[in-house]
1. Counting residues that are crowded, with 21+ Cβ neighbours inside 10 Å and more than 26 Å from the chain's Cα centre (by Cα), which helices (runs of 4 or more DSSP H) fully inside the stretch 105-145 reach at least 2?
2. Could you check the stretch 450-493 and list, in sequence order, the residues that are closer than 26 Å to Ala104 by Cβ and of a type in the set (Val, Ile, Thr)?
3. Would you mind stating whether Thr385 is surrounded by fewer than 19 Cβ atoms within 10 Å (Cβ to Cβ) and either small (Gly, Ala, Ser) or free of Cβ contacts under 8 Å to residues at least 40 places away in the same chain (or both)?
4. Show the residue pairs that are 6+ apart or on different chains and have beta-carbon atoms under 6 Å apart, the first residue being within the stretch 25-47 and free of Cβ contacts under 8 Å to residues at least 24 places away in the same chain, the second being exposed (fewer than 14 other Cβ atoms within 10 Å of the Cβ).
5. Could you look through the stretch 210-249, keep only residues that are among the hydroxyl-bearing types (Ser, Thr, Tyr) and within 27 Å of the chain's Cα centre (by Cα), and pick out the one that is farthest from Trp288 (Cα to Cα)?
6. How many residues are closer than 22 Å to Pro429 by Cα, in contact with a Ser or Thr (Cβ under 6 Å, 6 or more places away or on another chain) and not in a helix (DSSP H, G or I) when one looks only at the stretch 444-480?
7. Would you pick out the residues in the stretch 76-121 that are closer than 23 Å to Gly495 by Cβ and charged (D, E, K, R)?
8. Which is closer than 27 Å to Lys289 by Cα, touching a residue at least 60 places away in the same chain (Cβ under 8 Å) and in the same structural domain as Ser266 (by TED's automatic domain parsing), of Gln354, Gln316, Gln312?
Amino acid sequence: MSALASLATSALLGTARHPPEWPAPEGPVGDLLGRIPRDAVEKALLQTAGVLGTCQLAGLLPAQVGSAPAPSESSPQDVRMDLLAAILADGPERLQVEAFQAIASAGKHLPHRLLPKALECGRRSIALRPSLLAVLGSRGAWLAVQNEAWSYAAGAVNMDTVSDEVWQLGSLDQRRLYLTTLRATDAAKARELCRAAMSTEGAKERTAFIECLGTGLTLEDQDLLESTLADKSKEARQVAARLLSTLPDSRFAQRMSARAALCLKSEKKLLRGTVSTLEAPAAYDATWKPDLIEEAKPKGLSMGERAWWLFQIVRQVPLRWWETQTGMTPGECLAWAQKSDWKDVLLQGWAEAQAVQRRVEWAEAFLSTTLPPNGPLTFFDLLETLPPAMREPHFLKLLTDNNSNVVAFSTVIDRFIKGLPLGAPMLSPAVAAKVIKILKQRIQSGEARYDWQLRASLVELACLMPSAAFNDFASGWDLTKEEAQPFAEAVARVGLVLDQRRQLAS
């Protein structure tokens, strides 16, 4: 940790709880720091930080002197210097990704003069990095090596060389990041590190490490997860059960499905075909306890004792099991639940299962019904489960039906946009036209006068507009009314973003 970062930690935690570690560098800077009185600790901390911060802004002496020269480029650089500089300086992240993708599709790399700015953008935003790395070129990769802050772009990390330092000595966040990264390249090794940690680490660490198994989860992880069901930490046990429930072929999921099967009855009726009915368990079974089914319900829970047992089973059963056993689609299952004596138990249990299993078909079904109150699912949780193209109708419906101002328009737009990957496809022309019409009416009528965040939302939305909607979104705004004038700057910014996107496409 740098001296400046150490002082920042003391400032955040308080000098009483975390006394400053006073830096003592050699040379003139050390002489200057030595003259700062330390009788008033807080004042001394700020003065010391001021000196170090000024030195940092003034320049950085490279750790390596005489490093190898930058290699020659194998591809041409993009010559649109002014356009790309403006996008890197002030463009929304989606516009920056679009620029990187346009450069990559042309087989070019970023202009050399813009590499430091681009690398800084990537340092601040992890989401930008995949598209940025594709256009750095040989010189960008070389430049990243010269600055530790840009090490993310300096090539692939050799997990073997950093394992001892990060895994054994790093903070919890660093170790968790290491384990998650390792899962993508060597899942077996990550699993064994996690297994070893389960016998030596504290409850917080055990829970965090088990959660990392969610990356690339397979049946090979089930033995470790099964053993964690007996962990001393309740949180670790719950995480293990949640992960196992997402593996339909796991022993845990099979046990839960068998318990649900005892509650589900199917009968053939003369005119109604096969009819499925559900009945909650009549008594608690002691064999349920190892699978975290608790006998006593929490205080204050409104459901009855039998409903509590059934709920715990339902939320851990793979959702596809219900489709197979009842012969119904997710939508039909939800309609069937509405007529059941155990309606609330089924809907709440399925909602919790969907929050973990994230099934597209069940997300669509839940979007067409009323969600259980105070449950784990929200409209936007369900929307983010769907592929981007399938989200449009629901987004448009929410905008159209949102006439009561229960949710601010900016909140609807922001949640929709943030749930999309940065490289998501544009809105379809038909949906874009309807969205623009709704926004213009709302802003020009003064209905959005107090929705200040909507100004920023318009700019973000400009990055998702198809080219066919550019003219409609950039022009035709009536901002003469006093209540609509606060949006004038945002509309001008929308026009600038759309113009930059035109230039990228040309």
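The values are calculated or read from the model by the stated rules, or taken from the named source; none is laboratory data. Computed from a predicted model, the values in this text were never measured in an experiment. As a convention, Cβ positions derive from the backbone with ideal geometry for all residues, glycine included, and neighbour counts pool all protein chains shown.
1. Values: elements: 115-124, 129-133, 137-145.
Those helices (runs of 4 or more DSSP H) span 137-145.
2. Listed by number, the list holds a single entry, Val459.
3. Working: surrounded by fewer than 19 Cβ atoms within 10 Å (Cβ to Cβ): no; either small (Gly, Ala, Ser) or free of Cβ contacts under 8 Å to residues at least 40 places away in the same chain (or both): yes.
Answer is no for this residue.
4. Gly30/Ala24
5. At the first step, the residues of the stretch 210-249 found to be among the hydroxyl-bearing types (Ser, Thr, Tyr) are 215, 218, 227-228, 233, 245-246.
Restricting the remaining residues to those that are within 27 Å of the chain's Cα centre (by Cα) gives 215, 218, 228, 233, 245-246.
Values: Thr215: 28, Thr218: 24, Thr228: 16, Ser233: 18, Ser245: 15, Thr246: 19 Å.
The qualifying residue farthest from Trp288 (Cα to Cα) is Thr215.
6. 0
7. Result: Arg80, Asp82, Asp90, Glu93, Arg94, Glu98.
8. On the way: Gln354 fails: touching a residue at least 60 places away in the same chain (Cβ under 8 Å); Gln312 fails: touching a residue at least 60 places away in the same chain (Cβ under 8 Å).
Every option except Gln316 fails the conditions.
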